[in-house]
Amino acid sequence: MPFIAMPQYYEEPDVGYRVYRLHFNENLFLPEEYYRELQLPLESWEIRYYTQPNNISLAKKIETYYSLPEGTVTITAGADDGLRASIQLLNFAVEKKLVVLEPTYSMARLLSEQLGVRYEQAQFTQDLRIDVDDIVRRGRGGGVYVCSPNNPTGHQAKELEELAAKLDGVLIYDAAYAEFAGRWRPSLFEYGNVIEARTFSKAWGLAGLRVGYLVAHKRLSDALKALSYPHPISSASAKIVERALELETYVRSSVEAMREVKGIVAGRIRLEKYVGEANFITLKVEDADTIERELMRRGFAVRALGNKPLCRSCIRFTIAPLEIMEKFLAALNEALDRKV
Ligand code: PMP
């Protein structure tokens with residue numbers, strides 16, 4: 001089809017499940033008991049019929065759970081689908097553009113390109129701050145994307161509220177890792193121009209279900225619902241997520257356990273690194289691709305991040321329970337020494 005140019009797609013390795021998966025920031029601290037308690041049987045009607053439009057009953061459950069105003073939650077198929085709807089909304093803005101604070105999650109750029117929204121690269125400063133006035137100027141009439149805690153630096157953007165207050169445009173706030181930083185209840189949406197993207201894939205440990213949600217003021221939320229599919233997630237996913245909300249204590253303890261191990265691991269690595277508030281650490285290494293390969297040979301999948309601002313050659317790995325991290329640190333040392 002010569003009239004179709006190949007869209008760029010999100011490159012991700014299919015490493016399978018027989019290696020230590022330290023490349024996707026899944027929550028590796030939740031016990032089997034949690035997953036057993038989530039496994040509920042489905043009634044035939046739940047399979048035969050469509051879910052309610054926009055999975056509204058799950059949206060309402062989340063609103064009640066976090067005491068959010070009615071109509072503020074939109075269910076999405078993971079945060080990725082939430083980002084898709086948020087960026088697509090910019091096609092209805094005065095300026096069809098998205099200013100993206102880099103280095104960050106590459107889907108922000110890819111989705112903009114795929115959805116016909118102009119991508120404009122901006123950057124955190126060397127000390128990971130946001131030049132608010134500059135971003136406010138550039139984002140006027142369009143959108144700004146900020147991820148906090150940010151992937152891959154893990155830092156929390158301290159200027160988010162100031163940016164939300166000053167921006168005459170939509171702030172797409174990717175809060176995929178917020179729970180790891182102790183921010184359980186969405187709140188930034190209260191600014192009216194903010195779309196807060198949340199997910200059950202990370203701290204809640206439910207990545208395979210593909211459930212996320214957007215939180216925004218009612219008017220913005222209605223626009224997002226208009227851009228979402230009529231039935232974004234399956235009844236099975238919705239049912240399990242509802243159950244997970246009753247099991248939050250498992251999730252909270254897993255987050256605490258992860259934070260403790262992260263501190264220990266960070267203390268054992270002498271390389272320059274980003275530690276931050278999420279469930280991963282990003283290391284600056286000389287040749288990220290080689291280290292990634294060497295670690296893979298030793299049974300550990302990590303993510304090499306090449307050529308991003310402030311992250312010219314980095315590897316990012318997910319924090320796992322200490323016994324796995326002990327093995328990982330040994331493999332990392334070998335890989336760094338190129339002991340093949
Ligand atoms: N945002 C960020 C910053 C992420 O790292 C990820 C996971 N790769 C996502 C969004 C998407 O998560 P999901 O679609 O599984 O909710």
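The values are calculated or read from the model by the stated rules, or taken from the named source; none is laboratory data. All of these numbers come straight from a predicted model, not from anything done at the bench. Positions of Cβ are generated from backbone atoms using ideal geometry, with glycine treated the same way; all protein chains shown enter the neighbour counts. For accessibility, only protein heavy atoms count, side chains too; no ligands or nucleic acids. Shrake-Rupley method; radii C 1.70, N 1.55, O 1.52, S 1.80 Å.
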Exercise. Going through the stretch 223-243 one residue at a time, which ones are small (Gly, Ala, Ser) and away from the ligand (no atom under 16 Å from the Cβ)?
Worked result: Ala223, Ala226, Ser235, Ala236
Exercise. Only one of (1) of a type in the set (Gly, Ala, Ser); (2) out of contact with any Asp or Glu (no Cβ under 7 Å at 6 or more places or on another chain); (3) open to solvent by 20 Å² or more (accessible area, probe 1.4 Å) is not met by Ala304, so which one is it?
Worked result: (2)
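Please find, among Val94, Val99, the residue that is touching a residue at least 40 places away in the same chain (Cβ under 8 Å), assigned to a loop (DSSP other than H, G, I, E, B), more than 16 Å from the ligand (Cβ to nearest atom) and in the same structural domain as Tyr229 (by TED's automatic domain parsing).
Val94
Kindly provide the set of residues from the stretch 120-156 that are in a loop (DSSP other than H, G, I, E, B), open to solvent by less than 10 Å² (accessible area, probe 1.4 Å) and either assigned by TED's automatic domain parsing to the domain that holds Ser313 or free of Cβ contacts under 8 Å to residues at least 60 places away in the same chain (or both), ordered by number.
Listed by number, the residues that qualify are Gly142, Ser148.
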For this session: With the condition kept exactly as written, say whether any residue in the stretch 13-35 is farther than 24 Å from Gly192 by Cβ, under 17 Å from the mean Cα position of the chain (by Cα) and among the acidic types (Asp, Glu).
Result: yes
Problem set entry | Residues satisfying the stated conditions in the stretch 223-242, i.e. open to solvent by less than 10 Å² (accessible area, probe 1.4 Å) and over 30 Å from Tyr17 (Cα atoms) | Leu224
For this session: Output the residues belonging to the stretch 315-326 that are open to solvent by less than 30 Å² (accessible area, probe 1.4 Å) and of a type in the set (A, V, I, L, M, F, W, C).
Result: Ile315, Phe317, Ile319, Ala320, Met325
For this session: Go through (1) open to solvent by less than 50 Å² (accessible area, probe 1.4 Å); (2) within 16 Å of the ligand (Cβ to nearest atom); (3) closer than 20 Å to Phe200 by Cα and name the single condition Leu28 misses.
Result: (1)
Problem set entry | Residue satisfying all of: in the stretch 59-84; in a helix (DSSP H, G or I) and more than 15 Å from the chain's Cα centre (by Cα); surrounded by the most Cβ atoms within 10 Å (Cβ to Cβ) among these | Ala59
Problem set entry | Residue among Arg259, Arg298, Arg252, Arg312 that alone is open to solvent by 20 Å² or more (accessible area, probe 1.4 Å), in contact with a helix residue (DSSP H, G or I) (Cβ under 6 Å, 6 or more places away or on another chain) and of a type outside the set (A, V, I, L, M, F, W, C) | Arg298
Exercise. What tally of residues in the stretch 196-222 results from selecting those that are open to solvent by 30 Å² or more (accessible area, probe 1.4 Å), outside any helix (DSSP H, G or I) and more than 9 Å from the ligand (Cβ to nearest atom)?
Worked result: 1
Exercise. Could you say whether any residue in the stretch 229-252 is hydroxyl-bearing (Ser, Thr, Tyr), in the same structural domain as Tyr177 (by TED's automatic domain parsing) and at pLDDT below 95?
Worked result: yes
For this session: Among the helices (runs of 4 or more DSSP H) lying completely within the stretch 223-340, list those that include at least 2 residues that are in contact with a Phe, Trp or Tyr (Cβ under 8 Å, 6 or more places away or on another chain).
Result: 235-245, 248-268, 322-337
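Restricting attention to the stretch 248-261, does a residue exist that is within 14 Å of the ligand (Cβ to nearest atom) and not hydroxyl-bearing (Ser, Thr, Tyr)?
no
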